[in-house]
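Participant: Below you'll find the structure I mean.
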Amino acid sequence: MTAAGRQRATALAASLGAAAGGLLVMLGVVAAFGYDARDVARAFGVAVAGSWDRFAAVLLVACPLIVIGLALTLAFRCGVWNIGAEGQYLLGALGAAVAARLLARGPGVLVLSAVLAAGLAGGAVWAGVAAVLKRYRGVQEVLSTILLNFVAIQIAAIIVRGWLVDAHSADRDTTAEISAAATLSILYAPAGLHAGIVIAIGLAPLLWVFLERTTWGFRTRAVGLNPIAAGLARIPVGRFGVGTFVMSGALAGLAGAIELSGNTHYLTASYASGYGYTAIAVALLARLEPLGVIPAAIFFAALETGVRGLQKSPDPALAGFPTVLTQVAQGVVILATVMLTRTRLGGAGRAR
Amino acid sequence: MNTAAWSIFVRGAEAAVPLLLAATGELIAERSGLINIGIEGTMLAGAFAGAAAAWWSGSAFCGAAAATAVGAAIGLIFALWTVAGRRDQIVTGLGVNLLAAGLTGVAVQRITAHCAAAGTAFTPPGLWEAAPFDVVMVAAILLTVLVHIALYHTRAGLTLRAVGENPAAADAAGIRVGMVRTMAATAGCAMVGLAGAYLSLGLTRTFQEQMTGGRGFLALALVIVGRWTPVGVFAAALLFGLLNSLQEVLQPALGTHVYLLYPALLAMPYVLTLVVLAGWAGRTRPPASLGAPYDRGAEA
């Protein structure tokens with residue numbers, strides 16, 4: 001085996017180990033709190049391999065996780081600690097909803113493109129705020145993006161209630177459904193799987209080509225690995241930092257637009273899903289490899305689907321089963337991945 | 001001062017206590033060169049441990065002690081990853097946050113179900129019934145003074161600052177960098193755990209999922225706003241606490257628009273933090289080695 005091959009095998013083993021560790025600790029917690037761990041294990045197994053319908057339902061959840069996971073992979077590879085995907089996703093969905101509202105009638109392709117583009121723009125603007133704060137005001141993005149997540153949640157609530165609200169809704173807390181022209185087509189009706197999954201899976205090889213086979217991508221990685229060396233090689237480090245940040249936010253926003261257009265079709269005042277945080281675990285489990293994001297997202301989507309399924313189970317012992325359980329697995333996977341990885345994730349020198 | 005204004009001030013001071021404790025705890029870790037964004041989860045774990053231990057033992061002080069111990073344990077785990085393992089501090093902190101949110105969420109659901117089955121509610125005894133004055137508030141102020149004195153007037157404080165500014169030089173001078181950082185992370189997180197207990201046993205008498213609601217992240221910002229000094233952090237925490245009680249004053253003023261505009265009030269502390277950071281962060285200087293693992297022989 002070549003040195004590179006051996007390195008890749010070790011990396012794969014570490015990811016599999018981290019995933020298995022996450023699953024095992026989660027089952028241990030389930031058992032420790034007096035539930036039957038076999039129920040959870042079975043739910044997870046059924047979610048992954050029960051039937052095509054079940055797997056399609058997992059893919060439906062994996063779709064936003066793949067797109068946001070790719071967004072974060074891009075940012076982390078450039079040494080940009082974007083923790084704000086949650087807010088960027090939310091503003092992407094908000095932008096898409098506004099576009100869908102303004103363009104209720106029109107040729108389908110045009111409306112759909114405008115909705116997706118508005119998602120890109122919403123996410124880009126929100127990431128842009130943090131990027132500008134970092135470059136021109138010296139505010140660390142780790143902190144600013146987290147704070148912006150909290151602000152985004154409230155902005156979404158105000159706009160949903162104030163402007164986009166469906167006047168016929170009883171609680172004045174939801175928007176009207178978007179028009180048919182603004183929706184992504186359904187590929188597999190029994191699970192509600194929509195065309196967004198094609199976009200999501202298609203984006204992964206695109207990001208790989210960008211990072212590994214283009215000069216721009218090479219420079220992006222160089223900035224992430226060592227900003228000082230990149231600067232000496234005349235790469236405009238500051239501009240790459242801002243540009244990659246905005247691109248990452250745009251992708252996270254696109255995920256929000258796809259989710260609105262393909263899956264939920266309307267917004268609520270509390271639309272935040274936690275996908276933006278789960279996707280951090282996805283990107284890290286994939287070890288910041290674009291193609292690895294797909295299986296990593298499917299893993300977490302299967303956990304999510306399995307636990308959600310348990311909550312709806314008719315068995316009274318499982319009713320109200322805590323869905324936050326999946327966060328235990330996410331935390332363990334992150335801690336295990338970072339411990340099992342000898343080289344530093346996201347590059348050696350974080351630009352200060 | 002009239003009584004209404006006084007009660008607003010008191011509520012603001014109370015809101016400042018968890019921020020002050022958490023930010024001062026984070027300050028200790030950061031002065032040693034560790035940035036711990038896991039304090040949000042640590043505070044949440046402290047809030048849960050405090051409520052659960054107080055409910056189980058019937059003593060609020062027992063709860064506060066348990067919260068402090070749980071905080072210290074999490075700090076030790078953080079140090080195991082970032083100091084002994086030299087792993088990335090940001091990623092480790094994120095993992096801690098998710099793990100704490102998940103574990104406390106599952107646990108509180110189980111306890112609530114248990115209480116419901118017994119026909120009671122999960123209400124731990126409160127700190128304010130346990131003593132004639134606000135013990136934790138007094139402790140928070142005393143700890144701030146203590147940290148100030150320790151940091152600038154003792155040998156231990158000098159050692160801590162030396163490790164944070166130049167770990168290689170400190171190492172050469174015979175200081176055990178790893179030991180200092182591990183102790184700083186542990187002591188700092190103990191304070192963060194106590195901050196959590198104040199949420200679940202002082203400000204409220206219950207534990208809810210995600211009840212810290214970003215206070216840990218605000219505390220991280222307060223360390224920067226307070227320029228990495230205990231006195232600065234104290235002033236910043238008090239200011240934010242008072243702004244928090246202002247929120248309560250403003251709420252009735254919204255009148256019929258409360259449903260629409262209340263989210264704006266909720267967003268206010270975060271927007272304000274960002275504005276202050278934007279005007280401030282560029283002009284402050286963090287400890288020189290902040291965020292960088294110390295690798296003997298690898299650093300210049």
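The values are calculated or read from the model by the stated rules, or taken from the named source; none is laboratory data. Keep in mind it's a predicted model, so treat the numbers as computed, not measured. We place every Cβ from the backbone using ideal geometry, glycine too, and count neighbours over all the protein chains shown. When the accessible area is computed, the model is the full protein with side chains, heavy atoms only, and any ligands, DNA or RNA have been set aside. Shrake-Rupley method; radii C 1.70, N 1.55, O 1.52, S 1.80 Å.
Participant: Which condition from (1) more than 19 Å from residue B:38 (Cα to Cα); (2) surrounded by fewer than 19 Cβ atoms within 10 Å (Cβ to Cβ); (3) touching a Gly at 6+ places or on another chain (Cβ under 6 Å); (4) modelled with pLDDT under 95 is the one that residue B:150 breaks?
Facilitator: (4)
Participant: Just to be sure, is residue B:289 touching a Gly at 6+ places or on another chain (Cβ under 6 Å) and closer than 26 Å to residue B:162 by Cβ?
Facilitator: The answer is yes for residue B:289.
Participant: Now for a different question. Determine which member of the set B:227, B:205, B:181 is among the basic types (Lys, Arg), at pLDDT 90 or above, more than 23 Å from residue B:133 (Cα to Cα) and open to solvent by 60 Å² or more (accessible area, probe 1.4 Å).
Facilitator: Answer to the selection: B:227.
Participant: How many of the residues in region A:166-190 are closer than 15 Å to residue A:56 by Cβ and in a helix (DSSP H, G or I)?
Facilitator: Adding up the residues that qualify gives 2.
Participant: Right, here's the next one. I'm checking my understanding of the structure. Among residues of region B:255-279 that are of a type in the set (Phe, Trp, Tyr) and farther than 20 Å from residue A:84 by Cβ, which one is surrounded by the most Cβ atoms within 10 Å (Cβ to Cβ)?
Facilitator: Per the criteria, the residue is B:262.
Participant: All but one of (1) within 14 Å of chain B (Cβ to nearest Cβ); (2) crowded, with 16+ Cβ neighbours inside 10 Å; (3) of a type in the set (A, V, I, L, M, F, W, C) hold for residue A:61, so report the exception by its number.
Facilitator: Unmet condition: (1).
Participant: Given A:79, A:128, A:106, which one is touching a residue at least 60 places away in the same chain (Cβ under 8 Å) and away from every other protein chain (no Cβ under 14 Å)?
Facilitator: Residue meeting the stated conditions: A:106.
Participant: For region B:178-212, name all the residues that are over 13 Å from residue B:39 (Cα atoms) and small (Gly, Ala, Ser).
Facilitator: B:178, B:184, B:197, B:200, B:202
Participant: Still on this structure: Is there a residue being touching a Gly at 6+ places or on another chain (Cβ under 7 Å) and basic (Lys, Arg) anywhere in region A:136-156?
Facilitator: Among the residues of region A:136-156, at least one is touching a Gly at 6+ places or on another chain (Cβ under 7 Å) and basic (Lys, Arg), which makes the answer yes.
Participant: In the list B:119, B:196, B:188, B:105, which residue meets the criterion of being over 14 Å from residue B:49 (Cα atoms) and open to solvent by less than 20 Å² (accessible area, probe 1.4 Å)?
Facilitator: Criteria check complete, one pass: B:188.
Participant: List every residue pair whose Cβ atoms lie under 6 Å apart, where the two residues are 6 or more positions apart in sequence or sit on different chains, the first residue falls within region A:1-29 and is under 16 Å from residue A:338 (Cα atoms) and at pLDDT below 90, and the second residue, located anywhere, is of a type in the set (Ser, Thr, Tyr) and surrounded by 13 or more Cβ atoms within 10 Å (Cβ to Cβ).
Facilitator: From region A:1-29, no pairs qualify.
Participant: Tell me which of these residue B:91 doesn't satisfy, since it passes every other one: (1) farther than 27 Å from residue B:162 by Cα; (2) buried (at least 23 other Cβ atoms within 10 Å of the Cβ); (3) modelled with pLDDT under 95; (4) not charged (D, E, K, R).
Facilitator: (1)
Participant: Looking only at region B:50-66, which residues are closer than 16 Å to residue B:136 by Cα and in a helix (DSSP H, G or I)?
Facilitator: Matches in region B:50-66: B:50, B:51, B:54, B:60, B:61, B:62, B:63, B:64, B:65, B:66.
Participant: On to the next question. Can you pull out every residue in region A:146-194 that is more than 10 Å from chain B (Cβ to nearest Cβ), surrounded by 16 or more Cβ atoms within 10 Å (Cβ to Cβ) and within 21 Å of the chain's Cα centre (by Cα)?
Facilitator: Correct list: A:183, A:184, A:191, A:193, A:194.
Participant: While we're looking at this one, here's another question. Take residue B:281 and decide whether it is within 8 Å of another protein chain (Cβ to nearest Cβ) and either within 22 Å of residue B:195 (Cα to Cα) or without any contact (Cβ under 8 Å) to a residue 60 or more places away in the chain (or both).
Facilitator: yes
Participant: Please go through region A:122-137 and pick out each residue that is open to solvent by less than 50 Å² (accessible area, probe 1.4 Å) and over 14 Å from residue A:244 (Cα atoms).
Facilitator: Answer for region A:122-137, where residues must be open to solvent by less than 50 Å² (accessible area, probe 1.4 Å) and over 14 Å from residue A:244 (Cα atoms): A:122, A:133.
Participant: Is it the case that region A:228-238 has a residue that's part of a helix (DSSP H, G or I) and of a type in the set (D, E, K, R)?
Facilitator: No, every residue in region A:228-238 fails to be part of a helix (DSSP H, G or I) and of a type in the set (D, E, K, R).
Participant: Of the residues B:271, B:231, B:258, which is under 22 Å from the mean Cα position of the chain (by Cα), within 14 Å of another protein chain (Cβ to nearest Cβ) and in a helix (DSSP H, G or I)?
Facilitator: B:271
Participant: How do the pairs read when you match residues in region A:160-187 that are among the β-branched types (Val, Ile, Thr) with residues anywhere that are open to solvent by 50 Å² or more (accessible area, probe 1.4 Å), using Cβ under 8 Å and keeping only pairs 6 or more apart or on different chains?
Facilitator: As it stands, the answer is A:165/A:172; A:174/A:266; A:175/A:101; A:175/A:266; A:178/A:101; A:178/A:266, since those pairs meet every condition given.
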